[in-house]
Amino acid sequence: MHLRGVFCGFVAATVAAWALAASGPAAADETRTLRIVSPWEITGLDPARSGYIFARLQVAETLVGADNGGNPVPSLAENWTVSPDGLSWRFRLRPNAQFHDGTPANAEAVARSLQRAQSLTGGMLTNAPIAEIAAADGVVSIRTDRPFVALLAFLAHSSAIVLAPSAYSEAGAVTRIVGTGPYRATVVEPPLKVEIAKFEGWAGRPPAIARASYLAVTRGETRTAMAESGQADLVYVLPPEAVDRLRRNPRLAVAVAPIPRTRLLKLNAASPFFADQRVRAAISFALDREGIAASLLRSPESQATQLFPPSLSEWHVQSLPALTHDTARARALLADAGWKPGQSGIVEKDGRPFRVTLRTFSDRPEQPPMAAAIQAQLREIGIDMRVAIVNSGEIPAGHRDGTLEMALFARNFSLVPDPIGTLLQDYGPQGGDWGAMNWSSADLARTLEMLGSTSDPAERARLRAAAARVLHAELPVIPVAWFDYGVAASRRLQNVSIDPFELSYRLDAMRWAE
């Protein structure tokens, strides 16, 4: 997968700008701690829940990584081969790799870790057609049921981080994080705190940043204040309204750029309110995306005209009709679906008013005001939508227990460096915690299966467009706005860069400026 060139150009410019923010030689400082703040809490040690935190902190590694264009690069595996029939993969591990407990990261230990990752509920490998993971002749071998060209991208997902045997209890639960990265975890205190130190057994170039701490701070205004006051050196996910103010701070370097993430409405398609596609289309037409993007997100170009943003150039289909705001058409679609105005102005069907609850969370500070705007816009077409500000975990929990009606959140399509990984997780027959709920499409399932099996560029382009058209027409989720990613860094740091796939914070490349 290739991101649109503007993003890769942004990364290069960011590296240059942030490197120039410091001057003079940068020596390692064994006592100084790099303080990192982001909104994301540690919801558990299981890699399927919070593996991305330990991957971004470079405590744990996956077999394969990805460069800025989404191309596979070596990580714990130094190289790999695939058989002519596309069914057998062999991964040769980095020589002398070891876990942080001093044990060797050999093929047997790595294979056992990946076998467990394959069994994880919510893990990415469960969506890959893997028949067997084994250790043989000092390499990790993976056999698939059918050719699956996206396997390398799946192995780069954070749920596939490799942990030592000592990380697991006898029952197979993860009880501590013991990885192979250039940093080891010294303190892990869910849900908020991780401290790391460079791993002396690391065989690569020693990191110049010797120590770092991670703190989950869910409130955007608090993260902003920590950046302004110097209480944090790196702050991720800036509130849109804070960016201009932070840019005026001479102690900070601020970068903002689009990434492959979309803010969307998730709907329970089994609900009598949302089972009809006409109703889902009516809700889409009711949304004033232009107003939301301009007034709340301070980014008019972020209004989502389709699910996949332009930064996903291979999936963004120029010929799709844009999602637009048309209140009259929304009302007509509701009426066509049998929803008629009631006495209170709320539409009704069979005596039942259209009254639902939307769940969202404040980890992303723009979401509650977006929810309030959507509430007012749906009220214009006779839908009474109540807003519940909840913990983010209540959205997947509501998906699983069937209580969720609507949700507003942002979905990243590049956590696997090929969006097919996210699509298989979100839009398979069972749907996904952060994707479709009680909706499936046989056409989409066939398209995604074919896409995973073919390497022909023209056929892959055709299949990607076909998948995008199904989602655009059926609206199991409703796109609202694309995502701008804001990061503030202290000018005491140099060599800061942004990973467009959010796989790593790239701490090992950073240096103190003084």
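The values are calculated or read from the model by the stated rules, or taken from the named source; none is laboratory data. The model shown is predicted, which means the values in this text are computed figures rather than measured ones. Virtual Cβ from ideal backbone geometry, glycine too; neighbours counted across all protein chains shown. These area figures cover heavy atoms from the full protein model, side chains too; ligands, DNA and RNA do not enter into them. Shrake-Rupley method; radii C 1.70, N 1.55, O 1.52, S 1.80 Å.
Miscellaneous remarks
- Taking the numbered list (1) open to solvent by less than 40 Å² (accessible area, probe 1.4 Å); (2) at pLDDT below 95 in turn, Ala330 passes all entries but (2).
- Scope region 73-88; condition within 27 Å of Ser50 (Cβ to Cβ) and open to solvent by less than 60 Å² (accessible area, probe 1.4 Å); matching residues: Val73, Ser75, Leu76, Ala77
- Unmet criterion (only one of (1) assigned to a helix (DSSP H, G or I); (2) without any contact (Cβ under 8 Å) to a residue 40 or more places away in the chain) for Glu348: (1)
- Within region 143-167, considering residues that are open to solvent by 50 Å² or more (accessible area, probe 1.4 Å) and in contact with a strand residue (DSSP E or B) (Cβ under 7 Å, 6 or more places away or on another chain), the one nearest to Ser50 (Cα to Cα): Arg143
- Subset tally (residues that are open to solvent by 20 Å² or more (accessible area, probe 1.4 Å) and either on the phi > 0 side of the Ramachandran plot or not acidic (Asp, Glu) (or both)) for region 487-509: 8
- Which listed residue is under 22 Å from the mean Cα position of the chain (by Cα) and of a type in the set (Asp, Glu), from Glu290, Glu301: Glu301
- Close pairs from region 459-473: first under 11 Å from Asp443 (Cα atoms), partner modelled with pLDDT of 95 or more and not in a helix (DSSP H, G or I), Cβ under 6 Å, at least 6 apart: Val470/Ser441; Leu471/Leu307
- When Ser504, Ser497 are screened for being within 20 Å of the chain's Cα centre (by Cα), in a loop (DSSP other than H, G, I, E, B) and within 28 Å of Ala293 (Cβ to Cβ), only Ser497 passes.
Here's the yes/no breakdown for (1) touching a Leu at 6+ places or on another chain (Cβ under 6 Å); (2) open to solvent by less than 40 Å² (accessible area, probe 1.4 Å):
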| position | (1), (2) |
| --- | --- |
| Leu120 | no, yes |
| Ser141 | no, yes |
| Glu170 | no, no |
| Val174 | yes, yes |
| Ser213 | no, yes |
| Val217 | no, yes |
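- Condition check for Ala242: small (Gly, Ala, Ser) and part of a strand (DSSP E or B): no
To keep it simple, each residue is scored yes or no on (1) under 28 Å from the mean Cα position of the chain (by Cα); (2) of a type outside the set (A, V, I, L, M).
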{"site": "Ala281", "(1), (2)": "yes, no"}
{"site": "Phe285", "(1), (2)": "yes, yes"}
{"site": "Thr305", "(1), (2)": "yes, yes"}
{"site": "Phe308", "(1), (2)": "yes, yes"}
{"site": "Leu334", "(1), (2)": "no, no"}
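- Evaluated against (1) open to solvent by less than 10 Å² (accessible area, probe 1.4 Å); (2) within 18 Å of Gln306 (Cβ to Cβ); (3) not β-branched (Val, Ile, Thr), Asp484 falls short on exactly one condition, (1).
- Residue in region 417-428 that is modelled with pLDDT under 90, buried (at least 18 other Cβ atoms within 10 Å of the Cβ) and in contact with a His (Cβ under 7 Å, 6 or more places away or on another chain) present: yes
- Taking the criterion of being part of a helix (DSSP H, G or I), within 30 Å of Ser392 (Cβ to Cβ) and among the acidic types (Asp, Glu), the only residue of region 425-472 that qualifies is Asp426.
- Listing of strands (runs of 3 or more DSSP E) fully contained in region 81-183 that carry 2 or more residues being under 22 Å from the mean Cα position of the chain (by Cα) and in contact (Cβ under 8 Å) with a residue 60 or more places away in the chain: none
- From Gly230, Gly204, residue being on the phi > 0 side of the Ramachandran plot and either surrounded by fewer than 18 Cβ atoms within 10 Å (Cβ to Cβ) or free of Cβ contacts under 8 Å to residues at least 12 places away in the same chain (or both): Gly230
- Residue match in region 298-313 (condition: within 23 Å of Arg469 (Cβ to Cβ), surrounded by 22 or more Cβ atoms within 10 Å (Cβ to Cβ), out of contact with any His (no Cβ under 7 Å at 6 or more places or on another chain) and among the aliphatic types (A, V, I, L, M)): yes
- Of the candidates Thr186, Thr222, the single residue that is in a helix (DSSP H, G or I), touching a strand residue (DSSP E or B) at 6+ places or on another chain (Cβ under 9 Å) and either open to solvent by 20 Å² or more (accessible area, probe 1.4 Å) or over 30 Å from Asp244 (Cα atoms) (or both) is Thr222.
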